[in-house]
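Structure below; questions to follow.
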Amino acid sequence: MATNTTFTTLQQDVQRYLERGAAYDVDPVVWAQIPRLINLAERRIARELKIQGSINAVTGTLQTGTSVYAKPDRWRDTVSVSIGAGAANEDRTQLYARSYEYLRAYWPNSTQTEQPEFYADYDYDHWLIAPTPNADYPFEILYYELPPLLDDAVQTNWLTDYAPQLLLYGTLLEATSFLKNDERLPTWQVQYDRAAQMLQGEDLAKILDRSATRKEA
């Protein structure tokens, strides 16, 4: 019978692999730490891998006269920004990524307005758009995100559904470091790297970059 990985079953798998923390009474320190180790592994994966499963999209409207916009929760990196332009906003137009300094030099007076052409990271939580919008433009932003972190209320996410091996080995890496079991680190590192390479290989077979598609012969 096929089984699915959940936050609960992942904790059980980690306990069995480590042969530690099988019950709170047996090993309370390890038992209590396992959920944190799972979340650390999720953050490691989101930081190290840019994979299709981590891409999300957000839509909204650039407001007339407003140049700074909040990023979505759990944002990690921006893939692309586009706006709807033309008489009825029917023309999809890409904005180009530039540095903050470039945008400030290109459009030093943020009170002046024109159709936007560029975006930059204003800080970790905001984007800067230039020129400052001269009208309301619908936008679509693709970005890499940290998945909803697993806990008792969030039993599954993209990683449990599509990359359970990667999540398991990432958690075991974090757990082995926590337990100071250095002799096991190479084993879990090899398994983690292999799972990561397989996942990235699937993505590379589908996309070369964000503007060109490739299919194997």
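List pairs: first in segment 1-21 and under 19 Å from E42 (Cβ atoms), second among the small types (G, A, S), Cβ under 7 Å, 6+ apart or cross-chain?
Taking only residues 6 or more apart or on different chains, the pairs are V14/A175; Q15/G21; Q15/A22; L18/A175.
When you go through D121, D151, D136, D125 one by one, which is the residue that is under 28 Å from V81 (Cβ atoms) and touching a helix residue (DSSP H, G or I) at 6+ places or on another chain (Cβ under 7 Å)?
D121
To continue, here is another question. Right, D136: under 30 Å from R44 (Cβ atoms), modelled with pLDDT of 95 or more and among the acidic types (D, E) or not?
No: the conditions fail for D136.
Would you check if there is a residue in segment 163-171 being within 18 Å of R36 (Cα to Cα), in the same structural domain as Y17 (by TED's automatic domain parsing) and not in a helix (DSSP H, G or I)?
no
What are the pairs, 6+ residues apart or on separate chains, where a residue within segment 175-192 that is under 17 Å from Q15 (Cβ atoms) and in contact (Cβ under 8 Å) with a residue 24 or more places away in the chain has its Cβ under 8 Å from a residue that is polar (S, T, N, Q) and surrounded by 11 or more Cβ atoms within 10 Å (Cβ to Cβ)?
A175/Q33; F178/Q33
The values are calculated or read from the model by the stated rules, or taken from the named source; none is laboratory data. Just so we're clear, the structure is a prediction, and the values are computed from it rather than from any experiment. We place every Cβ from the backbone using ideal geometry, glycine too, and count neighbours over all the protein chains shown.
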